Amino acid sequence: MQTVRLDAAKALKFLIQNGIKMIEKLIQKSKNIAAAGRSDIEPAWIAQAQRRLGFTLPASYKQMLLRYASVSAAGTELKTIAPPEFVDDADADICYTYEINLKNGLFAADELVFLQLEDEEYYFKISPANGMASERTDDAPCEYKVYVRDYAQSEDRLFADDFYGFLEKF
């Protein structure tokens with residue numbers, strides 16, 4: 001049993017390291033996405049955010065949060081996780097945005113906005129099989145499809161199969 005746990009831990013560490021490398025490469029290749037600085041987000045903040053949301057954040061998004069201080073697309077910063085003392089009123093905090101969107105009826109409970117542009121908003125469509133924290137009993141990484149709400153076209157449409165695809169296509 002101990003060997004299986006060690007092998008799983010090694011596999012997870014390998015996936016995380018390769019995921020970060022993939023994110024770095026996709027951002028470097030992109031003309032519309034920029035990243036700066038070293039993140040000061042602590043893993044405990046991510047765990048707290050996931051409890052607050054009630055579901056797991058995509059593994060690739062967590063990797064981005066842990067790697068960079070800021071990431072912007074088309075000049076607008078992607079949502080982040082604010083330090084615990086600022087989570088209740090930080091516009092840049094992904095949980096704060098989620099709660100405001102729910103309160104105002106702008107997005108459904110299974111839609112997590114991570115980028116707000118003037119005419120578009122990009123969000124993860126949380127699938128119950130992958131992400132509900134109450135249903136997950138493991139630490140396996142999960143990913144969600146990325147949708148765009150296009151206000152000019154008055155439609156929501158699939159943009160990418162996951163956050164890596166978002167970085168590649170944006």
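The values are calculated or read from the model by the stated rules, or taken from the named source; none is laboratory data. A quick note: this is a predicted structure, and the numbers were derived from the prediction, not measured. All Cβ positions, even for glycine, are placed from backbone atoms using ideal geometry, and neighbour counts span all protein chains on display. Note: areas computed on protein heavy atoms with side chains; ligands, DNA, RNA excluded. Shrake-Rupley method; radii C 1.70, N 1.55, O 1.52, S 1.80 Å.
Restricting to region 57-87, name every residue that is under 9 Å from the mean Cα position of the chain (by Cα) and farther than 20 Å from Ser30 by Cβ. The answer is Leu57, and nothing else. Find all pairs meeting these conditions: Cβ atoms under 9 angstrom apart; at least six residues apart or on different chains; first residue within region 18-46 and under 24 Å from Lys169 (Cα atoms); second residue surrounded by fewer than 11 Cβ atoms within 10 Å (Cβ to Cβ). Sorted first by the residue in region 18-46, then by its partner, the pairs are Asn32/Gly75; Ala34/Gly75; Ala35/Gln28.
Highlighted here are the helices (runs of 4 or more DSSP H) found entirely within region 24-129 that include at least 1 residues which are in contact with a helix residue (DSSP H, G or I) (Cβ under 7 Å, 6 or more places away or on another chain) and open to solvent by 40 Å² or more (accessible area, probe 1.4 Å): 43-53, 59-67.
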